[in-house]
Amino acid sequence: MDNIESEQCDQCDPLKIRIPMTRQRKEFTPNKIQELADSIHEVGQIQPIVVDTNFVLIAGERRLKAVKHIIHNKDTYENWADFEYIKISMIAPKDDWHRHTIELQENIKREPLTPAEESRAVDEYERLMEQRKGKQKRGRGAVEGGHSQKDTAKDLNISEASVSDHRKVARVLDIAQHIPELKNLEDESSKSGILGKFKAYKIKEIRGEIARRAIENHRQDLEGIVVLS
């Protein structure tokens, strides 16, 4: 996006933004838009929506639709008024080719999180929600309310099992920071790779401790034999 004139505009009416018919993305699942709307309503708009100087949308259509969903469902969203004005980034594409290139960059060239970064992000999200809403209690005497692993799964549109795996990986990475042999654990290309390498280290550690104790017991036995003789 070289040589683009740009400016930030923190106050923009989302209903003023026009969506061109030539957009790359055509299909939007209503329940996915609602889930994104719920998330934006909960934590606020993180990323700006990209428009040109005529307020024609260039990037961020899902975010725009989610904000409009909030505005059009005022009875559902208590703080809907917070989204009467939204964050935008205004740019001036040189031509239609340039405009389309920017849109593709937005949709394709986002750098994905590594498995370690993703797990830490999921773990941190649940911790933040627990800080705000409290941790959901289970068992006898538990009351309704608080944030649960099930809530995290729903918010992030992933399974509860996946949330559990991410949090397990995050804990392993925290422990590994203090173990020189595992200093490169975050470079593993998958969650299973992280957990597998950590498990192999722990097995090796346990075997080493067993061997150490066996040698120590053997030494004590030998010393006993020497004393008896």
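The values are calculated or read from the model by the stated rules, or taken from the named source; none is laboratory data. None of these values were measured; they are calculated from a predicted model. All Cβ positions, glycine included, derive from the backbone under ideal geometry; neighbour counts span all protein chains shown. Note: areas computed on protein heavy atoms with side chains; ligands, DNA, RNA excluded. Shrake-Rupley method; radii C 1.70, N 1.55, O 1.52, S 1.80 Å.
Structure notes:
- Residue match in segment 32-46 (condition: charged (D, E, K, R), under 13 Å from S89 (Cα atoms) and at pLDDT below 85): no
- Only a single item in (1) modelled with pLDDT under 85; (2) open to solvent by 100 Å² or more (accessible area, probe 1.4 Å); (3) over 19 Å from the mean Cα position of the chain (by Cα) is not met by R132, and it is number (3).
- Failed item, numbered, when G196 is tested on (1) farther than 16 Å from R120 by Cα; (2) in a loop (DSSP other than H, G, I, E, B): (2)
- Segment 1-31, residues that are among the hydrophobic types (A, V, I, L, M, F, W, C) and modelled with pLDDT of 85 or more: C12, L15, I17, I19
- Among the candidates I215, I179, the residue that is more than 16 Å from the chain's Cα centre (by Cα), closer than 30 Å to Q131 by Cα and surrounded by 10 or more Cβ atoms within 10 Å (Cβ to Cβ) is uniquely I179.
- All conditions but one from (1) within 30 Å of N31 (Cβ to Cβ); (2) in contact with a Pro (Cβ under 8 Å, 6 or more places away or on another chain); (3) crowded, with 17+ Cβ neighbours inside 10 Å apply to S190; the one that does not is (3).
- In the set K191, K150, only one residue is modelled with pLDDT of 85 or more, charged (D, E, K, R) and over 21 Å from L36 (Cα atoms); that residue is K191.
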